[in-house]
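K.L.:
I have a structure I would like to understand better, so I am pasting it below and will then ask my questions one at a time.
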């Protein structure tokens, strides 16, 4: 089972051949996070062609399983952030208290998406280089179809 990141869905919508082929081959095994759904719609509302893009995104979203976050996801998220601080952050615990994880290149939305993949033991599919650094952290498996 696979959890697709926003960048992979955008590649799919833009017809990137490797992504389209892989996604079509594994169509029944694909899910997205509700966070990805939000990111897609943010892109829709920021675009010049809101109606056309909204239709495309709705067509895509209606064909995949959308996984919500819940209380269990929040626990996975908290542990993932702790592990990131331990692996990539300052060694001194006192310095970690005021250290922002964004300085390491990790965005909160990406961590929520990764946490969803960990929680449901899904393979996260992303081409985000910052996110791919998390391969193996907390058992996270990541592939890139681009």
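The values are calculated or read from the model by the stated rules, or taken from the named source; none is laboratory data. Just so it is clear, the model here is predicted, and its values are computed rather than measured. Positions of Cβ are generated from backbone atoms using ideal geometry, with glycine treated the same way; all protein chains shown enter the neighbour counts.
Let's see how each residue does on (1) touching a strand residue (DSSP E or B) at 6+ places or on another chain (Cβ under 9 Å); (2) part of a helix (DSSP H, G or I); (3) within 23 Å of residue 112 (Cβ to Cβ):
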| residue | (1), (2), (3) |
| --- | --- |
| 21 | no, yes, no |
| 38 | no, yes, yes |
| 45 | no, yes, yes |
| 58 | no, yes, yes |
| 69 | yes, no, yes |
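K.L.:
Among the residues in region 81-92, are any over 16 Å from residue 134 (Cα atoms) and surrounded by fewer than 13 Cβ atoms within 10 Å (Cβ to Cβ)? Quick ask: steps written out before the conclusion?
P.N.:
Keep residues of region 81-92 that are over 16 Å from residue 134 (Cα atoms), which gives 90-92.
If we keep only those that are surrounded by fewer than 13 Cβ atoms within 10 Å (Cβ to Cβ) as well, we get 91-92.
The answer is yes; a qualifying residue exists.
K.L.:
Ok, one more. Those residues that are loosely packed, with under 15 Cβ neighbours inside 10 Å and under 11 Å from the mean Cα position of the chain (by Cα), I need them from region 107-129; list them, please.
P.N.:
Here is the first cut: in region 107-129, the residues loosely packed, with under 15 Cβ neighbours inside 10 Å are 107-108, 121, 129.
The answer is 107, 108.
K.L.:
For region 136-146, how many residues are under 13 Å from residue 88 (Cβ atoms) and under 14 Å from the mean Cα position of the chain (by Cα)?
P.N.:
0
K.L.:
Tell me which residues, restricted to region 87-133, are in contact with a strand residue (DSSP E or B) (Cβ under 8 Å, 6 or more places away or on another chain) and at pLDDT 95 or above.
P.N.:
Of all residues in region 87-133, those in contact with a strand residue (DSSP E or B) (Cβ under 8 Å, 6 or more places away or on another chain) come to 112-114, 116-117, 120, 122-126, 131-132.
Selection gives 112, 113, 114, 116, 117, 120, 122, 123, 124, 125, 126.
K.L.:
Let me ask something else about it. Here is a list of conditions, (1) in a helix (DSSP H, G or I); (2) more than 22 Å from residue 1 (Cβ to Cβ); (3) free of Cβ contacts under 8 Å to residues at least 24 places away in the same chain, and residue 75 meets all of them except one; can you say which number that is?
P.N.:
Only one criterion is unmet by residue 75, namely (2).
K.L.:
Could you check residue 98 against (1) more than 15 Å from residue 31 (Cα to Cα); (2) part of a loop (DSSP other than H, G, I, E, B); (3) in contact with a helix residue (DSSP H, G or I) (Cβ under 8 Å, 6 or more places away or on another chain) and say which number it fails?
P.N.:
It is condition (3) that residue 98 fails.
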